[in-house]
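The structure appears right after this line, and notes come after that.
The values are calculated or read from the model by the stated rules, or taken from the named source; none is laboratory data. All values derive from a computational prediction rather than experimental measurement. Glycine gets a Cβ as well: all are built from the backbone with ideal geometry, and neighbour counts include every protein chain shown.
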There are 4 protein chains.
Amino acid sequence: MSWLQEAAAVAALTFDVDAEAPILAQGGHYADHLTTMSHQSYGPDVGVPRILDLLDDLAVPATFFVPGWVAEQRPGLAATIVERGHEVAHHSYSHRAPTSLTAAEERADFERALAVFEAQDIPVSGHRAALWEASPQTPALVAEHGLLYDSSLMGDDRPYLLSTGGVVELPVHWSLDDWEQYAYLPTPHVGSVIESPRKVLELWKAELDGMRHYHCLFMLCLHPFLSGRPGRLLAVRELIEYAQRCGDVTFARCRDLAVRASEDTALPVRPVSVPVVDPAVYN
Amino acid sequence: MSWLQEAAAVAALTFDVDAEAPILAQGGHYADHLTTMSHQSYGPDVGVPRILDLLDDLAVPATFFVPGWVAEQRPGLAATIVERGHEVAHHSYSHRAPTSLTAAEERADFERALAVFEAQDIPVSGHRAALWEASPQTPALVAEHGLLYDSSLMGDDRPYLLSTGGVVELPVHWSLDDWEQYAYLPTPHVGSVIESPRKVLELWKAELDGMRHYHCLFMLCLHPFLSGRPGRLLAVRELIEYAQRCGDVTFARCRDLAVRASEDTALPVRPVSVPVVDPAVYN
Amino acid sequence: MSWLQEAAAVAALTFDVDAEAPILAQGGHYADHLTTMSHQSYGPDVGVPRILDLLDDLAVPATFFVPGWVAEQRPGLAATIVERGHEVAHHSYSHRAPTSLTAAEERADFERALAVFEAQDIPVSGHRAALWEASPQTPALVAEHGLLYDSSLMGDDRPYLLSTGGVVELPVHWSLDDWEQYAYLPTPHVGSVIESPRKVLELWKAELDGMRHYHCLFMLCLHPFLSGRPGRLLAVRELIEYAQRCGDVTFARCRDLAVRASEDTALPVRPVSVPVVDPAVYN
Amino acid sequence: MSWLQEAAAVAALTFDVDAEAPILAQGGHYADHLTTMSHQSYGPDVGVPRILDLLDDLAVPATFFVPGWVAEQRPGLAATIVERGHEVAHHSYSHRAPTSLTAAEERADFERALAVFEAQDIPVSGHRAALWEASPQTPALVAEHGLLYDSSLMGDDRPYLLSTGGVVELPVHWSLDDWEQYAYLPTPHVGSVIESPRKVLELWKAELDGMRHYHCLFMLCLHPFLSGRPGRLLAVRELIEYAQRCGDVTFARCRDLAVRASEDTALPVRPVSVPVVDPAVYN
């Protein structure tokens, strides 16, 4: 049974509810930048409720990747998302890039997030690395803690099996992320030009059409503090309605997709390995 | 009574008349960069008169945020704006970011701007932080000096009450600012690509439509040295005419909007507080 | 008599024939970057002949700003431009920004360029500062050496008189420069995204229309190594043909325009002065 | 006989199969950035097979520039490309910029790549410098090793002869490269905004039309990890189909084009030389 079932492409709507975490990860002193903090808190405070209503309206399921620190700061947040019928998944504790941590620090951060969700009684089946910066040990952490899937790598545009512990990879890509299109902050410096929702809709429809042609996983990554804004959210609505009108696109939570993929015996296996580098060439 | 009254959305046209201040705030030696200084002086010298005529033509009121230093350098500027029926508001003295100042420096700068406007007999009811970089004490300064509103935060896209001293927040956002679309300078380095007015109009119409849908405050922030240029100002005209044709958008000065919002008993209250950060996680 | 004569707007087509100079000004060692040097030499070698043919075809006059070093390296270049009926003007000797030089260095560079053109028997009537980075003494140098006009400042979008020595300013602006739209080099790092000629044409037509509305000087600045490329040059052709079809736009060499402007008694005068800065505020 | 034969323009489709090399060239420690490595391995693993199928479908020949290190890491890759009827060409061993190497290092890297292809029995006739950063000795290396052509310079948009050893230059340009349009990585930092395939198609069609007008070589440079993605590859298909519909564009492998150009007695000769720089001016 193919992970695609009868569809030409599957769309996974995912929301990274990062709130203040990615900014604080660049420096704890940013906590005193009041405007920047308000820019980030808009995500869970204004964006998430609006997004939940939109998903209700269109009757599509979604997955919310929530850093443990954010779930801790806003105790009801993860529970509300689950109650509304969506999946909450692991997105590190602090949103610091694994590639910037020691192996012990990455492990501690990973497990601290699991503890937060356990304390809040939120079932968690998958992981996405902060900043999409997985380290060589990240897949092993995912496997060791019994999670079904990872969603941090870019080795394909269809689900694949990692050679480590049977973990399903649900790959992401920068072009299906709203960050590169919309994020702008002067301090810490983020982004350059702010794109129009029309352009972003055009980009994502082009990619969805390409993925229908090549039978791929349309893994959309949205940030509530970015795509929760009015004009952008109407563009997200238009994108979902377009996919629904196509008739050959189905929507799935990452957890359900991972289960389906793990039962697909034709799924490609890709090694978790990094190039061995000659320091005389690459130092 | 809702701050929206009968409208689907309210548009506040605001102009930050920064002139040379934001450049000098990056280094006093830029005073000797003759081209850059002329690029900035275009704002009050050419842009503002053209903008005042446009507002007359279309019969819409606006708010001009003027740094005290700019008002001092050009003695008649603030008075002219008021005489033409618009509001002048507080935009710091020097346009240095509060987050880059000590608390005492921020206070001194804040009060020096008030003194300039008092000396020029210009009534001031609201404040916008330089660079939209409010510090944790900024709302308290606004309240202490009896101003009605602040317009520097991004915690919502509708007016809200700050937990500090009953100050109304009229929130801004990077996507409704012309700086990210148009500003370009090689030294000091500002901006990347210069966008077409068509793209900017498309972006702002999309946001206005989204805000009509979600009943928000369309807080547009324009800089006379940027949007005062011919092609861009025609696009601003087109945007205003579009909003007028919509039939469900009203225009308001920030001061009037703040009064209306302060009388709206359903206005949400948001805390002025910053995250408490564990230095072991975020250092 | 107005500088506009009967026109709604005047278009000055100017070409900055910078060749390798702006790159070498960032470091003489770039002379050994063979690809980068070839990228720059394309300007005079391939772009200029193509541009001269286009101007012939459309029967429009233009002004070419040539650094003295470039004229020296390619002995026939300036003469060819003049023979084809266009103006050659002063664009520094070395294309180093005046704001990065001492007063003595700027003077020496300025005079060395004049000497090159004198030796080549090329009449020169106007000046444009390298990188549009005029210093406070630049207008005085222009006046002292008997040039009619400067074209480096941005204090208006119509010609104006500088308070220094009766020099006419023919102002430029970043939005009418092809550099911000097209220039890209990895080393030295220049530019970000490369824009489509469609977008650039849209931007410039919008500005031209705005300038017809407000009666301005459409001062277009093109670089042969950028706009001399095939697709971009077709867009320049389309822009010129659009302006010709408008019926209310005339084309002029900068020299002729400066003469006309100097005879316009209604021309505004703007001071050549820089803000006096309090080092306690702006340091 | 003209290199163009009967065509208005010739299109050379080239693919730089860089895989992990350009990232490792910025620091060997990036081998441990698992997501970034997967982002790059997508090129040969997913992009190349899809591109080969597309070329089959449309019956157009292409040239693949493969760093020696990449060919070594993936033993069957170069052979597969040749078996499918395309050309494999030299793209350095390690993808380090020649301008960042000593002359001895550049030579060693150049020869190591030749040895890899010799060991794999892959015939190689041309060279493209890594990062398009040829050094003054690069053309001599190309000539010394008996290669027919170089494709790293930008001194024209039509083939030309280098004054060094009869090497044909098939020039490239940043505007016909997918890197500036699509490449984005946070660490190492690459790119800014990610463009829509619609915009890129518009840009390349405009350039192709310009090149048909001016009779040029449309040298398109694509990276499988970028343009191999679904929506972008459909845009490449659309571009090729557009060129085919034009009726006056032919497609050629670089090798065939170089042979044809070397037989064109009217081909311009351009010197391989760099400006002699006065250190008192450019230091």
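Brief remarks on what is shown
- Screening C:Ser273 with (1) part of a loop (DSSP other than H, G, I, E, B); (2) over 30 Å from B:Gln26 (Cβ atoms) gives one miss only, at (2).
- In the condition set (1) surrounded by 17 or more Cβ atoms within 10 Å (Cβ to Cβ); (2) outside any loop (DSSP other than H, G, I, E, B), A:Leu147 is compliant with all but (2).
- Residue within the stretch C:128-138 that is touching a Cys at 6+ places or on another chain (Cβ under 9 Å), in contact (Cβ under 8 Å) with a residue 40 or more places away in the chain and buried (at least 17 other Cβ atoms within 10 Å of the Cβ) present: yes
- The set of residues in the stretch B:248-270 that are under 22 Å from the mean Cα position of the chain (by Cα) and either more than 30 Å from B:Val82 (Cα to Cα) or not in a helix (DSSP H, G or I) (or both) comprises B:Val249, B:Thr250, B:Phe251, B:Ala252, B:Arg253, B:Leu267, B:Pro268, B:Val269, B:Arg270.
- The one condition from (1) assigned to a helix (DSSP H, G or I); (2) within 8 Å of another protein chain (Cβ to nearest Cβ); (3) closer than 21 Å to B:Gly228 by Cβ that C:Lys205 does not meet is (2).
- Residue tally, condition over 20 Å from B:Val172 (Cβ atoms) and among the β-branched types (Val, Ile, Thr), over the stretch B:114-140: 2
- Within the option set B:Arg212, B:Arg112, being of a type in the set (Lys, Arg), more than 25 Å from B:Ala252 (Cβ to Cβ), assigned to a helix (DSSP H, G or I) and touching a residue at least 40 places away in the same chain (Cβ under 8 Å) holds for one residue only, B:Arg112.
- Candidates C:Ala12, C:Ala7, C:Ala21, C:Ala103: the one that is out of contact with any helix residue (DSSP H, G or I) (no Cβ under 9 Å at 6 or more places or on another chain), in contact (Cβ under 8 Å) with a residue 12 or more places away in the chain and not hydroxyl-bearing (Ser, Thr, Tyr) is C:Ala103.
- Options B:Phe225, B:Phe251; residue that is among the aromatic types (Phe, Trp, Tyr), over 28 Å from A:Leu201 (Cβ atoms), within 14 Å of chain C (Cβ to nearest Cβ) and touching a residue at least 12 places away in the same chain (Cβ under 8 Å): B:Phe225
- The set of residues in the stretch B:86-122 being farther than 22 Å from B:Gln26 by Cβ and aromatic (Phe, Trp, Tyr) consists of B:Phe117 alone.
- Residue match in the stretch A:231-238 (condition: touching a Phe, Trp or Tyr at 6+ places or on another chain (Cβ under 7 Å), within 14 Å of chain B (Cβ to nearest Cβ), assigned to a helix (DSSP H, G or I) and at pLDDT 95 or above): yes
- Qualifying residue in the stretch C:121-140 (condition: at the interface with chain B (Cβ under 10 Å from one of its Cβ atoms), of a type in the set (Phe, Trp, Tyr) and under 30 Å from B:Val48 (Cβ atoms)): yes
- Conditions (1) buried (at least 22 other Cβ atoms within 10 Å of the Cβ); (2) farther than 30 Å from A:Ala143 by Cα; (3) of a type in the set (D, E, K, R); number of the one not met by A:Lys205: (1)
- A:Tyr42 vs. criteria buried (at least 17 other Cβ atoms within 10 Å of the Cβ) and either assigned to a helix (DSSP H, G or I) or touching a Leu at 6+ places or on another chain (Cβ under 7 Å) (or both): yes
- Hey, D:Glu111 acidic (Asp, Glu), surrounded by 23 or more Cβ atoms within 10 Å (Cβ to Cβ), within 19 Å of the chain's Cα centre (by Cα) and farther than 17 Å from D:Val172 by Cα or not: no
- Any chance A:Glu144 is over 18 Å from A:Leu257 (Cα atoms) and either more than 10 Å from chain D (Cβ to nearest Cβ) or within 16 Å of the chain's Cα centre (by Cα) (or both): yes
- Qualifying residue in the stretch A:83-94 (condition: in a strand (DSSP E or B) and within 24 Å of B:Val274 (Cα to Cα)): no
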